[in-house]
1. With B:ARG292, B:ARG264, B:ARG330 as the choices, which residue is surrounded by 13 or more Cβ atoms within 10 Å (Cβ to Cβ), at pLDDT below 95 and over 24 Å from A:LYS438 (Cβ atoms)?
2. Go through the stretch A:200-224 residue by residue and tally those that are within 14 Å of the chain's Cα centre (by Cα) and either of a type in the set (Lys, Arg) or more than 13 Å from A:THR247 (Cβ to Cβ) (or both).
3. Where the second residue is crowded, with 18+ Cβ neighbours inside 10 Å and small (Gly, Ala, Ser) and the first is over 17 Å from B:PRO47 (Cα atoms) and within 13 Å of chain A (Cβ to nearest Cβ) and lies in the stretch B:85-108, which pairs have Cβ atoms under 6 Å and are six or more apart or on separate chains?
4. Name the residue, out of B:ARG168, B:ARG151, B:ARG126, that is free of Cβ contacts under 8 Å to residues at least 40 places away in the same chain, closer than 27 Å to B:TYR184 by Cα and more than 30 Å from the chain's Cα centre (by Cα).
5. So is B:LEU28 at pLDDT below 90, assigned to a helix (DSSP H, G or I), under 26 Å from B:CYS241 (Cβ atoms) and more than 11 Å from chain A (Cβ to nearest Cβ) or not?
6. Determine whether B:SER73 is part of a loop (DSSP other than H, G, I, E, B), at pLDDT below 90, farther than 30 Å from B:PHE146 by Cα and within 14 Å of chain A (Cβ to nearest Cβ).
7. Hey, any hits in the stretch B:134-145 for a residue that's outside any strand (DSSP E or B), among the polar types (S, T, N, Q) and surrounded by 17 or more Cβ atoms within 10 Å (Cβ to Cβ)?
Amino acid sequence: MYRPPSHVTMSCVFITDIYMALTCIQHCQRCTSLLRSRSVGITTLQYSTDAQHWPAALWNSFIVRVLPSVLQRSPNPSQTRQRWNLGVRSYCESHAKVQPSQTKHGNTDELPETDMVSYQNPVSHQLIDGGMLLKEWQTAFDLDDAPGHSALEEISHEEAVHMNIPAALPPVSISLKDYVNESETLGKLIQLGVQLWKLEQRPNVGSMLLRLDFQTDVTPRLVFLKQLGVDDSRLGYLISHNPFILTESLENLQARVAYLRSKKFSAESVASMVSRAPYLLNFSVKRMDNRLGFYQQQLGLSAQKTRDVVARLPRLLCGSLETVKENLKICKLEMGFRENELQHIVTVIPKVLTANKRKLTQIFDYIHNTMNIPHDLIVKFPQVLNAKYLRIKERHLFLQYLDKAQYDPAKPNYICLDKLVSLPDEAFCTEVASATLKDFELFQKTM
Amino acid sequence: MARASVRVFHKLEGLFSIYKPPGVHWKLVRDTIETNLLKGINAAPPPAPRQRVQFLAEPTSVVAEGSNELTLSAASVPALAHHPLVSGPEFLHIGVGVGHRLDVFSSGVLVLGVGQSNKALTDLYRSHVTRDYTLEGELGMATDNFSHTGRLIERTTYDHITRDKLERVLAMMQGSNQKALLTYSKVDMSTQGAYELAVKGELRPDGKSPPIMTGLRLLHFQPPHFTLEVQCLNETQRYLCRILHEVGLELRSTAVCKGVRRTRDGPFTIQHALTHQHWTSTDVIQAIRQYRSSRKASKAKHTQPGKDTGTASQRQEMAEEAAVTGDSHRLHSVLTSKAFGS
């Protein structure tokens with residue numbers, strides 16, 4: 001009689017797996033309703049409230065996953081893990097294939113039989129190692145064959161101990177929580193500090209991360225980034241914001257870095273640019289070239305100065321040029337800055353190029369028209385254009401109340417604009433206004 | 001055993017007031033405060049990492065020696081499913097409610113409540129508490145939205161206006177408002193009880209009413225600028241700007257509103273309102289505690305034995321407007337009740 005050893009409970013899991021497989025076969029054949037997808041979502045797509053009603057497309061892949069553990073008596077862990085990976089990948093692949101057909105066919109309950117054919121796509125070839133495609137496994141699995149081993153068969157304790165029961169992972173999930181204990185990739189990403197909870201909210205990113213193999217996909221790119229000079233502590237931030245760096249081909253990454261080096265960016269500046277603008281290396285060489293050319297031409301700066309500006313604000317190479325063009329137009333036409341003044345402002349505060357138009361005009365309007373500060377003084381201290389409007393207003397009104405609002409360098413008791421905006425409240429009150437912080441707060445409540 | 005973040009959240013459940021600066025929408029202010037409070041809550045230390053047991057088989061060389069003993073070792077590995085990077089921050093949203101709203105143009109005391117105390121906030125909102133405003137006006141202009149930011153419609157002279165005339169106009173307006181108050185409070189004017197209430201200034205409208213000013217005073221007059229102090233009920237800030245416009249019309253001139261500033265909302269004064277540097281969870285917790293202790297002190301003072309419990313019990317609920325803590329006894333009990341957990 002089969003008596004399970006007291007401290008091994010894996011047999012129960014084994015039995016339930018078999019049961020689940022058999023019931024799944026029965027139920028899924030009856031199932032015709034396809035779950036609607038919401039792409040705002042989260043990993044591996046849909047959340048099935050009733051575990052029984054799985055789409056027929058999933059059925060095959062699920063059986064694929066359970067199949068090896070059913071047939072195999074004593075696999076070693078690495079093989080099982082491979083098979084698990086394989087199963088999950090072809091699973092997610094099949095499910096990913098189901099998705100577009102669903103949206104294409106709309107509300108039809110057409111079973112995606114047609115999608116079985118589309119497994120022969122280059123991506124799935126790439127991802128499935130060992131060369132076994134899903135179709136082959138489908139033919140290998142014949143429903144009429146009795147399973148080779150019964151669940152009630154007696155086995156020796158050693159066999160029971162060495163049997164590796166794969167974890168009962170849910171076929172679909174809204175969260176990566178269910179897979180993180182078993183997946184090597186996800187575990188290593190957590191060690192790096194990647195914020196999986198944010199990434200799983202983006203559509204399809206969760207499935208993509210599950211599909212990655214740590215040794216073949218992730219490690220070469222991490223090594224590449226390290227060789228580039230990116231700090232270890234920044235790798236988590238990078239991947240949290242741009243997970244697609246792990247799917248970008250290494251040749252492309254290397255080509256883009258080579259391009260930046262050819263434009264005479266130093267190694268340290270390339271490393272700092274990549275760590276501060278995570279999407280930088282996903283953009284093509286042509287696009288980066290376009291943008292560098294645009295900045296050099298529009299701003300009329302020398303090559304070295306353009307490099308400095310871009311190195312300080314690398315997201316200039318990532319974002320759209322339309323906002324930058326509009327900001328430049330505003331500075332020239334609405335605010336009336338001359339070419340050389342604009343060059344100086346941009347070299348000191350590159351953020352002016354990507355600032356919010358409305359806020360920029362509001363600040364300039366207050367500084368120029370209410371505080372009566374002339375253009376040349378603003379150009380001398382461009383930091384004021386970067387400050388918060390409320391801060392400038394409160395401090396200016398406070399100084400006005402104290403009769404100290406004098407911003408002309410020629411006259412005595414001149415207040416430097418730099419000190420007006422960049423000092424913290426405490427320092428501002430004591431140094432500039434010669435008042436206490438309490439007085440400033442009382443004044444704020446009279447505005 | 002509550003988690004640290006939940007304990008911080010319970011400390012934050014209360015009513016507090018902030019000073020809203022002019023030029024920002026109240027919703028933006030509420031969202032900023034919610035974000036800051038969430039930062040404070042999620043900064044609390046996470047619970048200890050959970051472990052799970054995994055059984056590992058001993059290497060085969062040991063087993064093959066012929067012993068029939070099962071050699072499995074139990075290893076305690078971290079359960080990554082509950083790691084903060086996988087499950088995310090503990091609080092993604094908290095309910096921050098706003099009391100009487102302030103429009104973009106005005107500034108001043110804005111009462112907010114968090115979590116369970118939103119119930120007390122609804123009661124405060126519906127009860128007949130008065131609010132104090134300081135209105136700054138300028139004579140000689142009329143605009144389409146009654147404030148100085150609107151489109152100019154008319155310019156008039158104002159040399160003929162003296163302080164005396166202005167005060168006469170204000171007295172007239174106060175008189176008409178007082179009559180409206182009497183009408184809407186639905187008291188029988190021939191009773192002694194009604195007279196006593198009116199003398200103490202504790203008359204309040206019964207049910208819905210249009211905006212009523214219970215007090216109106218001229219603070220400062222220097223033509224063309226002047227400042228009024230108003231105590232009112234059921235008002236909107238636009239209504240107050242219109243009042244200024246009507247004051248101008250009564251004086252055979254015109255006036256616009258240059259600033260509306262709320263200095264008191266029920267029992268919340270400008271003295272304890274938090275300015276935008278202090279919109280953090282630690283300062284909010286302190287403000288809530290301070291407010292609760294002041295409520296307890298004033299409740300102890302107000303509960304005196306031997307008050308008549310006649311038909312005027314509802315009127316009794318209204319405290320004096322002269323005192324800073326001008327609000328209902330019912331509100332006392334509501335605000336110090338379990339609704340916000342004091």
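The values are calculated or read from the model by the stated rules, or taken from the named source; none is laboratory data. Nothing here was measured: the structure is a model prediction, and the numbers come from that model. Don't worry about glycine lacking a Cβ; one is built from the backbone with ideal geometry, like all the others, and counts go over all protein chains shown.
1. Exactly one residue qualifies, and that residue is B:ARG330.
2. Looking only at that region, the number is 5.
3. B:PHE105/B:SER147
4. That would be B:ARG168, the only listed residue that is free of Cβ contacts under 8 Å to residues at least 40 places away in the same chain, closer than 27 Å to B:TYR184 by Cα and more than 30 Å from the chain's Cα centre (by Cα).
5. Details: at pLDDT below 90: no; assigned to a helix (DSSP H, G or I): yes; under 26 Å from B:CYS241 (Cβ atoms): yes; more than 11 Å from chain A (Cβ to nearest Cβ): yes.
It is false that B:LEU28 is at pLDDT below 90, assigned to a helix (DSSP H, G or I), under 26 Å from B:CYS241 (Cβ atoms) and more than 11 Å from chain A (Cβ to nearest Cβ).
6. The answer is no for B:SER73.
7. no
A quick yes/no check of all residues on (1) among the hydroxyl-bearing types (Ser, Thr, Tyr); (2) crowded, with 19+ Cβ neighbours inside 10 Å; (3) within 22 Å of B:ARG155 (Cα to Cα):
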| site | (1), (2), (3) |
| --- | --- |
| B:ARG168 | no, no, no |
| B:GLY175 | no, no, no |
| B:PRO223 | no, no, yes |
| B:VAL256 | no, yes, yes |
| B:HIS272 | no, no, no |
